[in-house]
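First comes the structure, then the notes that go with it.
The values are calculated or read from the model by the stated rules, or taken from the named source; none is laboratory data. Source: prediction; values computed, not measured. Heads up, the Cβs are rebuilt from the backbone with ideal geometry, glycines too, and the neighbour counts pull from every protein chain shown. Side chains are part of the model used for accessible areas, which takes the heavy atoms of the whole protein and leaves out ligands, DNA and RNA. Shrake-Rupley method; radii C 1.70, N 1.55, O 1.52, S 1.80 Å.
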Amino acid sequence: MKKQEIFDRGVRILELARARFVRGGYLGLGLNSLAAELGVSRGTIYNHFKCKEEIILALLQDTMEIRLGMYRRAAAYQGTPRVRMTALGVAGELFVKLYPDHFCVERVVQSDSIWGKTTEERRALVKSSQLRCVEVVAGVVRDGVAQNHITLPADMTPESLVFGLWAMTDGAYSIIATSDAMIDMGIAEPFLAIRRTIQNVLDGFGWTPLSADYDFDAAMERIVKDVFPEEYSRLKQSW
């Protein structure tokens with residue numbers, strides 16, 4: 001079999017596996033039924049992945065690579081470090097809106113029972129993708145520090161700030177994805193609420209330009225059109 005055919009089949013396995021995993025979780029991803037849908041034997045799937053857990057981590061790695069690509073585009077935006085951080089916020093929001101199934105994989109793959117059944121090689125690939133995502137965002141924070149736009153507390157590293165922002169946004173996005181009570185909570189525009197909260201947090205760190213002195217809403221409109229034109233066209237109605 002040609003290399004391209006093998007590669008395409010691996011991609012197809014992940015596409016079908018992602019849909020099944022999102023619908024039914026770990027138990028919903030049965031290899032027998034997956035093989036039947038693909039029209040191959042279970043052994044053929046094993047030629048690509050050693051076990052079901054390897055497939056799940058491969059889904060996570062694929063997710064992280066998509067996120068990483070969007071982060072890199074955002075971080076390369078021409079502007080001050082804080083504007084570039086805003087571009088990263090745009091990337092994160094677009095990712096959640098455009099790739100809900102991928103985001104679901106991120107939320108679900110937390111169990112030690114899954115990680116413990118996978119190979120060190122697969123775990124290393126996932127870890128590398130995660131680290132590179134953090135490095136991209138932390139690099140923008142470092143630029144802000146180097147240009148005296150922000151001064152971090154003595155006991156805080158750029159990675160610590162990134163972790164805090166990551167926890168806030170992913171936690172909020174997870175609530176949006178799993179709750180239908182936003183309106184009942186008095187939150188008419190949850191994504192806007194996240195944006196405002198993050199900008200206020202960065203204001204609290206004194207990261208200039210402050211939101212009182214700069215129109216970050218207008219900046220986000222420019223960024224989504226300039227950096228993510230294809231994504232913008234897909235979300236024009238909901239942005």
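One table, with the values for the structure above:
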{"item": "Whole-percent carbon and sulfur share, accessible surface of the chain, 1.4 Å", "result": "54"}
{"item": "Where labels lie 7 Å past Cα in the beta-carbon direction, separation of TYR26 and ASP203 in nm", "result": "4.4"}
{"item": "Derived scalar couplings ³J(HN,Hα) [segment 166-171; Karplus, 6.51 cos²θ - 1.76 cosθ + 1.60; whole Hz; x for Gly, Pro]", "result": "4, 4, 5, 6, 5, x"}
{"item": "Computed label-point distance, nm, for sites ILE6 and SER233 using a 7 Å Cα→Cβ extension", "result": "3.6"}
{"item": "Among ILE56, VAL145, CYS133 the positive-end extreme of the charge dipole of segment 1-146 (Cβ point charges)", "result": "VAL145"}
{"item": "Nearest-0.05 FRET efficiency for ILE183 and ARG132, computed from C-beta distance (R0 30 Å)", "result": "0.20"}
{"item": "Tilt relative to the chain, helix 120-146 - C-alpha long axis, 0 to 90 degrees, to 10", "result": "10"}
{"item": "Separation of the VAL108 and ARG123 label points, Cα + 7 Å toward Cβ, nm", "result": "2.2"}
{"item": "Local net charge near GLU189, Cβ-Cβ under 11 Å (Lys/Arg +1, Asp/Glu -1)", "result": "+2"}
{"item": "Packing-based order for 7-17, 205-215, using average beta carbon neighbours within 10 Å, highest first", "result": "7-17, 205-215"}
{"item": "Ranked packing of 62-73, 222-233, most packed first, by mean Cβ within 10 Å", "result": "62-73, 222-233"}
{"item": "Extended-chain gain in nm, criterion 0.36 nm per residue less alpha-carbon gap, MET156 and PHE191", "result": "9.9 nm"}
{"item": "Per-residue HN-Hα couplings for segment 13-20 [Karplus 6.51, -1.76, 1.60; θ = phi - 60°; Hz; x = Gly/Pro]", "result": "4, 5, 4, 5, 5, 4, 4, 5"}
{"item": "Hull volume in cubic angstrom per residue (convex hull over the Cα atoms of segment 43-148)", "result": "108"}
{"item": "Computed helical MRE - 222 nm, the chain, DSSP H runs ≥ 4 contributing -39500 (n - 2.57), nearest 500", "result": "-24000 deg cm²/dmol"}
{"item": "Global size of segment 112-235 as Cα Rg and Dmax, reported in angstrom", "result": "17.7, 52"}
{"item": "For segment 1-114: accessible area per residue (Å², 1.4 Å)", "result": "45"}
{"item": "Stokes-Einstein D for the chain, Kirkwood Rh over Cα pairs, 25 °C, 0.890 mPa s (µm²/s)", "result": "125"}
{"item": "Sequence ranges 147-160, 164-177, 81-94, ranked by mean other-Cβ count within 10 angstrom, highest first", "result": "81-94, 164-177, 147-160"}
